[in-house]
Amino acid sequence: MDSARALDARRGFLLALADALRPLADPVAIQREVCRRLGEHLAAEHTYYVECATADDRAVVAYDHARGGGASLAGEYRLSACGDLASLHGRGEPVVVDDAQRSALVSGAGRAASAAARVALVAFPLVKSGELVAALCVATPAPRGWTAEEVALVADAAERAWAAVERARAEAALRESEARFRTVAELVPDLLWESDPDGATRWFNARWTEYTGQPPDAARGWGWVDALHPDDRARAGDDYRRAVARGEPLVHEHRIRGRDGRHRWFQVRAEPLRDADGRIVRWFGAASDVHARRLALEEVERRVVARTGERDALRRRLFDAEEAERRRIAGELHDQLGQELTAFRLGLDDALRLAARRQADAAAAALGARLTQLQALAGRMTAGVRAIALELRPPELDDVGLASALESYAREWSARYGVGAEVAVTGLAASPPVAPEVASALYRVAQEALTNVAKHARASQASVVVDRTDGQVRLVIEDDGCGFDPAATAARVRRERRFGLAGMRERAALLGGELTLESAPGRGTAVHVRLPAAVPPAAP
């Protein structure tokens, strides 16, 4: 047979062998088919596949295709007993022996072990990751000159046998693993599923059907979304698709409808399974019932909200009570003590005039000087009482309004501390009027902010701006002082338990507003407050 025909014959044999091996799933059946076909093709007496375990010095022949009634070589052997042949195999070198009696590859012990000391052999080793794992052997009882095509055929058949056997074992291991997975999956109480790389679900455990009543065919793909609560479907589907697109694990919660039509909360987890190259080959997911925990958490949150509402309502009532008490004390200072001080000053004026009419002796002069001192003291006391009353609750806030109260306070504050102050108010005259609580809160924030300017800012000018637009009242207090680092100051305030800024923020928050602060060393400070013009009444 010329080389071209021999090559065609080898190709034809290998194609037929591949077709024969493709449907086989048992490793021994694969070895049997390879040995049978190769042995018949080469008219060999023995054709066998040896599996090697070098660490255990073990060689196993599961099947030997023996022609002509020869005894089968199937069995287990010591690998080291093969002598030189084992050493050659370990190096991955094929062994081709035309006549064991004469071949230099066979030692004296090997010849003695040969059946009639006249054996021809082709053995092709399979070395994987540097280790001998198997060999395909063909032997005849008489010397034979093996052609290059026959040796190449044994080599090709050996590689195909190895690949088919490993594929069958991998598939068997996978089937066993999946069988174990399915067994465990049916035992756990969670709802489990498996999805394709694109996220389309292809398998659910029985627990899914038992709980939802949704048949597996209806749930596959993206049909499982129909079992979710209508309010959760869009979000759950979008979250899962987003996780699939990003290849990232997913953890979230949604409600799943039970067979009885009621919905329960489940925590859903989905993880991608990747191959050796990092490609996602499938997704696994589990849904754990967290309904009791979710209801308990919602109850805790409801109670926290209720307690927070009660606390805020109490604080608002305390602020209202504080303002009422300030109003009462300021009124008493102005109406009672202020009037009494005024009467006292008038009496001093009369006494001073009477003393002046007396004969100008030393006693009269001393009396006049003393009365003058008391008159100055009474003036200072009257001014002090008026300032205290203004700090407590300016009458303009109730009688005229926020704009007039701010202007009066800024004027008094500027005179007291020697810092220029401007007030600009727009929009407060619009109807309906600003709620009294809002006016009080804005006044107190402006008062506290200007106090801070006087204490810390070293400013030469300050401004107060109030603007009402779109149902909101905005207050801005700015100064051109030394400024500060808000973060560092906030930490120090918490450490030293100062409540000025915290109180300002709390007043704003309790009325549904917010307070922000802008400052930097050397750049002045601005306090921004935004409140609704109308606020709901505090809870009783």
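The values are calculated or read from the model by the stated rules, or taken from the named source; none is laboratory data. These numbers come from a predicted model, not from an experiment. Virtual Cβ from ideal backbone geometry, glycine too; neighbours counted across all protein chains shown.
Here are the numbers for this structure:
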{"item": "From Thr183, Thr209, residue being over 22 Å from Pro272 (Cβ atoms) and not assigned by TED's automatic domain parsing to the domain that holds Arg255", "result": "Thr183"}
{"item": "Yes/no for Ala59 being within 54 Å of the chain's Cα centre (by Cα) and touching a residue at least 12 places away in the same chain (Cβ under 8 Å)", "result": "yes"}
{"item": "Residue among Asp196, Asp232, Asp238 that is charged (D, E, K, R) and farther than 16 Å from Ala270 by Cα", "result": "Asp232"}
{"item": "Breaking point among (1) without any contact (Cβ under 8 Å) to a residue 12 or more places away in the chain; (2) surrounded by fewer than 13 Cβ atoms within 10 Å (Cβ to Cβ), for Asp198", "result": "(1)"}
{"item": "Residue match in segment 432-455 (condition: at positive phi and surrounded by fewer than 18 Cβ atoms within 10 Å (Cβ to Cβ))", "result": "no"}
{"item": "Segment 501-532, residues that are modelled with pLDDT of 85 or more and in a loop (DSSP other than H, G, I, E, B)", "result": "Gly513, Ala520, Pro521, Gly522, Arg523, Gly524"}
{"item": "Residues that are without any contact (Cβ under 8 Å) to a residue 12 or more places away in the chain and part of a helix (DSSP H, G or I), drawn from segment 224-234", "result": "Arg233, Ala234"}
{"item": "Tyr211 vs. criteria in contact with a Gly (Cβ under 9 Å, 6 or more places away or on another chain), surrounded by 17 or more Cβ atoms within 10 Å (Cβ to Cβ), closer than 26 Å to Arg180 by Cβ and without any contact (Cβ under 8 Å) to a residue 60 or more places away in the chain", "result": "yes"}
{"item": "Candidate set: segment 135-190, residues that are among the basic types (Lys, Arg) and closer than 25 Å to Leu24 by Cβ; chosen: the one farthest from the chain's Cα centre (by Cα)", "result": "Arg160"}
{"item": "Any hit, segment 291-300, residues being out of contact with any Ser or Thr (no Cβ under 7 Å at 6 or more places or on another chain) and not in a helix (DSSP H, G or I)", "result": "no"}
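Yes/no matrix, rows are residues, columns are (1) in a strand (DSSP E or B); (2) closer than 15 Å to Ala287 by Cα; (3) over 20 Å from the mean Cα position of the chain (by Cα):
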residue	(1), (2), (3)
Ala236	no, yes, no
Ala245	no, no, no
Arg259	no, no, yes
Val268	yes, yes, no
